[in-house]
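Here the structure comes first, spelled out in structure tokens, and everything after it is commentary.
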Amino acid sequence: MGSRLIGYGSYLPEKVMTNQDFEKIMDTTDEWIVQRTGMKERHFAREDETVVDMATIAAERALENAGLSINDIDMVIVATTTPELDFPSVAVQVLGRLEADNNIPAFDVRGACTGYIYGLHCARGFFTAGMHERIMIIGAEKMSRFIDWTDRSTAVLFGDGAGALIFERSTSSYSGIIDTVVMSDGKCFGMLHGSPDHRIIMNGPETYKKAVQLMPEAAKYIMDHAGITADNVDWIVPHQANLRIIRSGAERLGFPLEKILVTVDKHANTSGASGVLALSYAFDKGIIKKGQLVLYPAFGSGLTWGAALIRV
Ligand code: ACO
């Protein structure tokens, strides 16, 4: 029992914040940001624009792309770390906005930047068990709400946005979500976490060291498990945290730069939306094509990390 990808969609807020915009409000430079992170600009939601707003638009676009209505879906999973409300879940609120009347299960997963891989892991399990037919996985974040404008080392790193993928159960185990692995280590909590007053607390260099070790490890685990090498994979779509982390990981795995999808320059780090947004972007631009094999590693606060292997 497997799955196949049948729809995708994304949403980016209209407002673009460039490195030059940051230069005007804090002690930083475009040169520093580009050199250390590869980021050039990011999208920021309006004050009144919520995670639910962004997730709903991405979901609508994915449904339109699949030629389906929300009543054709039988589970919705939302990866988010930045919901405005503690309850109900963003997933249920999206169903409300879409006026779904199919009473399907809908829930959020909180895996920080690995959230969308946690979502794919859940979906794979439900498909393998034969329990669901069509699952929509949404990644949506308003990271700008957590920015500490007095901390230049974290303020420049994040962006807002949402992406959605729809998978359908299939008898082929070589398409859709082929494999997933997710892990966590709560002992590393202090490295990167949110604060009660909604700020990002991060030890950048320590987080960096873990990211360049754990993302390739998860990707390698998936390749070994599938009995494949870098030569068999068409694209590696890593969590878009930092260009240096992405390049270092790809090097360790023996992937040439041409096989790495990079959107961190345009979107910065959108946490749980990152990979879904990146994949949607690549489909829209015709970069990643139907039938290609994508390796999808991620890493984030928790610590959490993992990877998925997807034939799109
Ligand atoms: N502009 C200019 N200078 C800056 C800025 C800035 N925006 N930010 C920090 N600096 C300065 C520091 O103050 C420091 O100055 P000093 O030497 O005078 O003390 C200097 O730059 C070097 O600082 P470092 O923190 O050592 O810089 P580093 O090379 O490690 O780069 C960075 C920092 C980009 C944050 C890097 O550590 C990194 O990418 N870490 C991983 C972060 C990450 O991926 N986080 C997300 C994880 S996913 C999730 O779940 C959200």
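Which of the residues spanning segment 1-43 are in a strand (DSSP E or B) and closer than 30 Å to residue 175 by Cα?
The answer is 2, 3, 4, 5, 6, 7, 8, 9, 10, 11.
Which one of the conditions (1) open to solvent by 40 Å² or more (accessible area, probe 1.4 Å); (2) of a type in the set (Gly, Ala, Ser); (3) in contact with a helix residue (DSSP H, G or I) (Cβ under 6 Å, 6 or more places away or on another chain) does residue 115 fail to meet, given that it meets all the rest?
The single condition residue 115 does not satisfy is (1).
Please verify whether segment 296-307 includes one or more residues that are open to solvent by 40 Å² or more (accessible area, probe 1.4 Å), touching a strand residue (DSSP E or B) at 6+ places or on another chain (Cβ under 7 Å), in contact (Cβ under 8 Å) with a residue 24 or more places away in the chain and outside any loop (DSSP other than H, G, I, E, B). If you could, list the steps in order and put the result at the bottom.
The first filter runs over segment 296-307 and keeps only residues open to solvent by 40 Å² or more (accessible area, probe 1.4 Å), leaving none.
Checked segment 296-307: no residue is open to solvent by 40 Å² or more (accessible area, probe 1.4 Å), touching a strand residue (DSSP E or B) at 6+ places or on another chain (Cβ under 7 Å), in contact (Cβ under 8 Å) with a residue 24 or more places away in the chain and outside any loop (DSSP other than H, G, I, E, B).
Tell me whether segment 37-48 contains one or more residues that are under 30 Å from residue 179 (Cβ atoms) and either assigned by TED's automatic domain parsing to the domain that holds residue 263 or away from the ligand (no atom under 16 Å from the Cβ) (or both).
No, segment 37-48 contains no residue that is under 30 Å from residue 179 (Cβ atoms) and either assigned by TED's automatic domain parsing to the domain that holds residue 263 or away from the ligand (no atom under 16 Å from the Cβ) (or both).
Does segment 167-176 include one or more residues that are at pLDDT 95 or above and either open to solvent by 60 Å² or more (accessible area, probe 1.4 Å) or among the aliphatic types (A, V, I, L, M) (or both)?
No, that holds for no residue.
Identify the single condition in (1) under 19 Å from the mean Cα position of the chain (by Cα); (2) open to solvent by 20 Å² or more (accessible area, probe 1.4 Å) that residue 88 does not satisfy, given that it satisfies every other one.
Looking at each condition in turn, residue 88 falls short on (1).
Hey, can you tell me all the residues within segment 164-191 that are in contact with a strand residue (DSSP E or B) (Cβ under 9 Å, 6 or more places away or on another chain) and within 16 Å of the ligand (Cβ to nearest atom)? Show your work before the answer.
Narrowing segment 164-191 to residues in contact with a strand residue (DSSP E or B) (Cβ under 9 Å, 6 or more places away or on another chain): 164-185, 190-191.
Listed by number, the residues that qualify are 182, 183, 184, 185, 190, 191.
Would you check which residues across segment 242-274 are part of a loop (DSSP other than H, G, I, E, B) and either within 16 Å of the ligand (Cβ to nearest atom) or buried (at least 18 other Cβ atoms within 10 Å of the Cβ) (or both) and list them?
Hits for segment 242-274 are 242, 255, 261, 262, 263, 268, 270.
The values are calculated or read from the model by the stated rules, or taken from the named source; none is laboratory data. Here the structure is a predicted model, which means the values were calculated and not measured. With ideal geometry, Cβ positions are generated from the backbone for all residues, glycine too; neighbour counts draw on all protein chains shown. With ligands, DNA and RNA removed, areas are computed over all heavy atoms of the protein, side chains included. Shrake-Rupley method; radii C 1.70, N 1.55, O 1.52, S 1.80 Å.
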